Amino acid sequence: MTDRSDETPEKTAAGGPSPLALLRAAREQLAELTGLYPESLPRMERTDDGWLLEAEVVELERVPETMSLMALYEVTLDPDGLLTGYRRLRRYERGRSDRR
């Protein structure tokens, strides 16, 4: 059994899930539904209905790794951290940067 006293609490003082708990829940739920495990979660935003996150996943691994096909997904969670929806926003090769 590990000592979790040093870790961030799973609930905030207001009783809702902590940001860390929300990120973990989003990763696990998206992976379970799609079979794609997020490598990063570059966006997290509170909304009127809960939470909005973006998740980067590898959709197709290639060699060399810079040619792997990546995707950015938008994930919505309710206030308790349960996934309410997801959609792919875009696909791109890992080695490509944004044109912005």
- Extent of the stretch 30-76 along each principal axis, from alpha carbon coordinates, in Å, largest to smallest? 42, 19, 10
- Efficiency of FRET from Cβ geometry, Leu69 and Asp49, R₀ 25 Å, rounded to 0.05: 0.25
- Message: Quick one: 3J(HN,Hα) in Hz for the stretch 52-69, Karplus 6.51/-1.76/1.60 with θ = phi - 60°, rounded, Gly and Pro as x.
- Response: 10, 10, 10, 10, 9, 10, 8, 8, 8, 7, 9, 10, x, 4, 5, 9, 4, 8
- Message: Using a 1.4 Å probe on the protein heavy atoms, what percent of the accessible area of the stretch 19-93 belongs to carbon and sulfur?
- Response: 48 percent
- Tell me, what is the percent relative contact order of the stretch 21-99, built from C-alpha pairs under 8 Å that lie six or more residues apart? 25 percent
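The values are calculated or read from the model by the stated rules, or taken from the named source; none is laboratory data. Given the structure is predicted, the values throughout are model-derived calculations rather than measurements. Neighbour counts run over all protein chains shown; Cβ positions are idealised from the backbone, glycine included. For the accessible areas, the whole protein counts, side chains as well, though only heavy atoms, and no ligand, DNA or RNA atoms are used. Shrake-Rupley method; radii C 1.70, N 1.55, O 1.52, S 1.80 Å.
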